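Working notes for the structure below.
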Amino acid sequence: MFIERIFEKDGWDDYIVSKIPEGGSEFLQSWQWGAFQKRLGHKTYFLKTKDCQDMINRVLFIEHGLPFGKCYLYSPRPVFLSHDQVKILIDNWGEISGKRKIIFIRGDFRNGDMEGFRKVSDLQPVKTIILDLGKSEEEIFSGMHQKTRYNIRLARRYGVEVFPGEGKEYQEIFFDLLRQTAERDKFRIYPKDYYVKLLNMDPAFSRLHLAKYQNKILAAHLMIFFGKTVTYLHGASSRENREVMAPYALHWECIKEARRLGFRFYDFWGVDEKKWPGLTRFKKGFGGQLVDYPGTFDLPLSRPWYFLYKIGKLCFRLF
């Protein structure tokens, strides 16, 4: 049984991609996502483990600081994480980090042994729709809802144009549209710096696509490209000219572009009939397969400190 901290990118993404189930895209375990988390100021740990069944695994953990010199480790959508591998991590944490202050481990698990873990509020979408791009364009289009096909054709008649956006100017436009969308649909967004840092990663990993009508940008998508999948991570649209159906044209052109680039899947990244009924109805209109994930779980390592963490979060919103 061993654990090793990895400092070089070589082979990391290839391993993650090789272990992803068909139709998945764990970009949240990619080397690029870890590098992005570093830009946000988090300590990251790319770890290679081997458990007592000789199972080798690679897992990205992100350290989140807490008061009193404590922290917790978060692994977003690990491909697999067994209890043996968690035990190795705990036993060797002091050697890895140079200090022992971790009070719990958090993860959005796809599979693995969940004994001892506690269900908590989900950090990543637990339901999504994944579109198979292995079909022809005609098959994909005919598999959409009739109203979706109509709106795509309507956008084409209006002359809506879709194009990639690079540079600070388009980042500003995207964030302005995102603020409008958040106000309109009543959801919270990250600080502007979060999106800027993500968009300033390798453009082969993250980039903008935009839709315009009469020289006005009406919709924007922040897309992630990893493994076999293109993921629609963040989207925004204007209050103006809703009648030209720019978001429909934008998704359709992004889907076609993903196929041309050789990607196999298109992930709409999050649906929920209760929380986002309109957005869910919009995404479902493009067809695809509904996928469920177990959600987010905590493994307390120090029960007294974990209890204090939960009390502080509930009463004082400290974390």
Fill in: Stokes-Einstein D for segment 196-319, Kirkwood Rh over Cα pairs, 37 °C, 0.692 mPa s (µm²/s)
189
Worksheet entry | Percentage of interatomic Cα-Cα distances in the chain larger than 27 Å | 47
Practice prompt. Any chance you could give the angle, 0 to 90 degrees and rounded to 10, that helix 246-260 forms with the longest Cα principal axis of the chain?
Written response: 70
Worksheet item: If you take the beta carbon distance between ARG110 and ASP185 as r and set R0 to 30 Å, what does 1/(1 + (r/R0)^6) give as a FRET efficiency, to the nearest 0.05?
Response: 0.60
Response to the item:
Between ASP202 and LEU290, the two model label points (7 Å from Cα along the beta-carbon direction) sit apart by a distance in nm of 3.6
Response to the item:
Note, TYR45: beta-carbon cut-off 9 Å, +1 each Lys/Arg, -1 each Asp/Glu, net +1
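Based only on Cα atoms, what Rg/Rh ratio does segment 101-147 have, Rh being taken as Kirkwood's radius?
Working: Rg = 18.6 Å, Rh = 14.9 Å.
My calculation puts Rg/Rh at 1.25.
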Worksheet item: If you project the alpha carbons of segment 127-292 onto their three principal axes, what span does each projection cover, largest first, in Å?
Response: 38, 35, 33
Worksheet item: Between GLN124 and PHE7, what length comes free when the chain is fully extended (0.36 nm per residue of separation minus the Cα-Cα distance, one decimal in nm)?
Response: 39.5 nm
Item to complete: May I ask for the Kirkwood hydrodynamic radius of segment 53-143, worked out over all distinct Cα pairs and given in angstroms to one decimal?
Response: 15.9
Fill in: Neighbourhood charge, 9 Å Cβ-Cβ cut-off, centred on LEU218 and excluding it, Lys, Arg +1 and Asp, Glu -1
+2
Worksheet item: Helix 146-158 sits at what angle to the longest principal axis of the chain, using alpha carbons and giving 0 to 90 degrees rounded to 10?
Response: 60
Worksheet item: Taking H as built 1.01 Å from N, whose amide H comes closer than 5 Å to the amide H of GLY287, not counting residues under 5 places away?
Response: HIS145
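Can you give the % of DSSP beta bridges in the chain that are antiparallel, to the nearest 5?
Values: 53 of 61 bridges.
Beta bridges within the chain, antiparallel portion: roughly 85 percent.
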Response to the item:
In segment 127-292 the DSSP beta bridges are antiparallel at a rate, in percent to nearest 5, of 90
Practice prompt. Before rounding to the nearest 500, sum -39500 (n - 2.57) across all DSSP H runs of length at least 4 in the chain and divide by the residue total; then give [θ] at 222 nm in deg cm²/dmol.
Written response: -11000 deg cm²/dmol
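Test of understanding: what is the full-extension gain from ARG153 to LYS43, defined as 0.36 nm times their sequence separation minus their Cα-Cα distance?
Values: separation 110, 0.36 × 110 = 39.60 nm, distance 4.70 nm.
Gain on extension, ARG153 to LYS43, equals 34.9 nm.
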Fill in: Charge tally in the Cβ shell below 13 Å around SER206, where Lys, Arg are +1 and Asp, Glu are -1, SER206 excluded
+1
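Quick note: the coordinates plus some simple rules give every number you see, no bench work behind them. These numbers come from a predicted model, not from an experiment. Virtual Cβ from ideal backbone geometry, glycine too; neighbours counted across all protein chains shown.
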